[in-house]
1. Look through 25, 6 and report the one residue that is touching a residue at least 40 places away in the same chain (Cβ under 8 Å), within 16 Å of ligand 1 (Cβ to nearest atom) and part of a strand (DSSP E or B).
2. Which of (1) modelled with pLDDT under 95; (2) assigned to a helix (DSSP H, G or I) does residue 39 not meet, given it meets every other one?
3. Only one residue in 268, 263, 300 is in contact (Cβ under 8 Å) with a residue 60 or more places away in the chain, under 24 Å from residue 110 (Cβ atoms) and not assigned by TED's automatic domain parsing to the domain that holds residue 188, so which one is that?
4. Quick check on this structure: which one of 223, 239, 189 is outside any loop (DSSP other than H, G, I, E, B) and surrounded by 18 or more Cβ atoms within 10 Å (Cβ to Cβ)?
5. What is the number of the single condition among (1) open to solvent by less than 40 Å² (accessible area, probe 1.4 Å); (2) of a type outside the set (Asp, Glu); (3) away from ligand 2 (no atom under 16 Å from the Cβ) that residue 156 does not meet?
6. Tally time: how many residues in segment 299-331 are of a type outside the set (Phe, Trp, Tyr), over 12 Å from residue 112 (Cα atoms) and either crowded, with 23+ Cβ neighbours inside 10 Å or more than 18 Å from the chain's Cα centre (by Cα) (or both)?
7. Of all residues being of a type in the set (A, V, I, L, M) and away from ligand 2 (no atom under 16 Å from the Cβ) in segment 122-140, which is surrounded by the fewest Cβ atoms within 10 Å (Cβ to Cβ)? Just the residue, please.
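The values are calculated or read from the model by the stated rules, or taken from the named source; none is laboratory data. Since this is a predicted model, take the numbers as computed values, not measurements. Here the Cβ positions follow ideal geometry from the backbone for every residue, glycine too, while neighbour counts run over all protein chains shown. Note: areas computed on protein heavy atoms with side chains; ligands, DNA, RNA excluded. Shrake-Rupley method; radii C 1.70, N 1.55, O 1.52, S 1.80 Å.
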Amino acid sequence: MRILGIETSCDDTAAAVVENGRHLISSLRSSSAAIQQKFGGVVPEVAAREHVLSILPTVRDALHAAGMDWQDVDGVAVTRGPGLIGALLVGVTFAKSVGSALNRPVVGVHHLEAHLYANALIAPIQFPALALIVSGGHTTLAYWTDHGQLAVLGETLDDAAGEAFDKGARILGLPYPGGPAIERLADQARPDRSITLPVARLGADSLNFSFSGVKTRLRQLAADVPDRAPELAFALQEAVAEALTRNIERAYEKYPVAHLYLAGGVSANRRVREKLGDWASRRQVTLHVPPVELCTDNGAMVAALGYYRLTKGERLGREEGPQTPWPLREAMAGARGEESGTCC
Ligand SMILES: Nc1ncnc2c1ncn2[C@@H]1O[C@H](COP(=O)(O)OP(=O)(O)OP(=O)(O)O)[C@@H](O)[C@H]1O
Ligand SMILES: [Mg+2]
């Protein structure tokens, strides 16, 4: 079963073809990041306009790269939310149009759950597991027991991990998106233990995250030692990696699983991978990370998750459109049948 996956929740217009939820056949992305750089972040209206221009060529190119015609598509999966409403609307409307024109089933998926399915393109997901989604807008830790069974254990109380990188980059005068720029600058840092950033201490039992204190301290240090930008970038990366590792350890104490899945743009970060990798080997846990090109938004993760949903009979209802905000907890309740859409 070859699923066309469509992703337009933020600034990337992405399309991919995945066979049976496992085999990546083609994946293409057209990003408006270069345009957004001028504004230092994503402007929703600009993102929506770029999606309108890019969606048809991107999907067409993904099919072409897969050696397929429209008729060869067996089903369509699209990110339904959460994200920018105008951006989501382009993808969802396009997916529904394709489904209707070809008479193929369409399913709308949750963007955060989809991020995790970048891992399904490497090997089948092994349950039970801990799942850590670290992206531009979310930092979510969950206990993952089966497809569609994610129990949220912790979330960020303020900035997301990716946001900490993006805002940190802005403070240090680096371009958007901040994560890759911070990582490159941190590589040039000289060892200096006196330059560190705080890791928020929430309650002893809390599995939540907080990154706003890191940002505030970084701003102060950037004013105090403006010539030490590489060391500040290094300290920021270290603080984020430490906060993630600390909560994974706490979650593991309650849920001693054999697998940890990482996903989202920040999972591309080498230091984050290294630190969680060290933790995992100490605990004899297998750490699963997506290939770097599938950490940020892509259509392949949407198609992979869509396969499981379509084969379960889930469909995006005729009256259903984008959904945002859409807490993961709510989406999981829907997946358990507590609140599902009507079939189209
Ligand atoms: N190498 C890296 N190191 C750290 N952060 C990174 C790296 N590469 C990308 N990022 C960060 O990942 C984020 C983008 O990831 P992603 O595409 O998953 O987020 P998003 O889709 O914008 O947000 P969400 O998934 O929460 O809606 C940005 O904040 C970016 O700075
Ligand atoms: Mg994302």
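1. One residue alone meets the criteria, 6.
2. Residue 39 satisfies all of (1) modelled with pLDDT under 95; (2) assigned to a helix (DSSP H, G or I) except (2).
3. Details: 268 fails: not assigned by TED's automatic domain parsing to the domain that holds residue 188; 263 fails: not assigned by TED's automatic domain parsing to the domain that holds residue 188.
The unique qualifying residue is 300.
4. Numbers: 223 fails: surrounded by 18 or more Cβ atoms within 10 Å (Cβ to Cβ); 189 fails: outside any loop (DSSP other than H, G, I, E, B).
Result of the check over 223, 239, 189: 239.
5. Tallying (1) open to solvent by less than 40 Å² (accessible area, probe 1.4 Å); (2) of a type outside the set (Asp, Glu); (3) away from ligand 2 (no atom under 16 Å from the Cβ), residue 156 fails exactly one: (3).
6. Residues that pass the stated criteria total 19.
7. Our first condition is that a residue be of a type in the set (A, V, I, L, M); within segment 122-140, this holds for 122-123, 125, 129-134.
Now narrow it down to the ones that are away from ligand 2 (no atom under 16 Å from the Cβ): 122-123, 125, 129-130.
On the way: 122: 14, 123: 10, 125: 20, 129: 23, 130: 24.
Top of the filtered list is 123.
A quick yes/no check of all residues on (1) part of a strand (DSSP E or B); (2) out of contact with any strand residue (DSSP E or B) (no Cβ under 9 Å at 6 or more places or on another chain):
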{"residue": "230", "(1), (2)": "no, yes"}
{"residue": "248", "(1), (2)": "no, no"}
{"residue": "253", "(1), (2)": "no, yes"}
{"residue": "262", "(1), (2)": "yes, no"}
{"residue": "274", "(1), (2)": "no, yes"}
{"residue": "280", "(1), (2)": "no, no"}
{"residue": "304", "(1), (2)": "no, no"}
{"residue": "307", "(1), (2)": "no, no"}
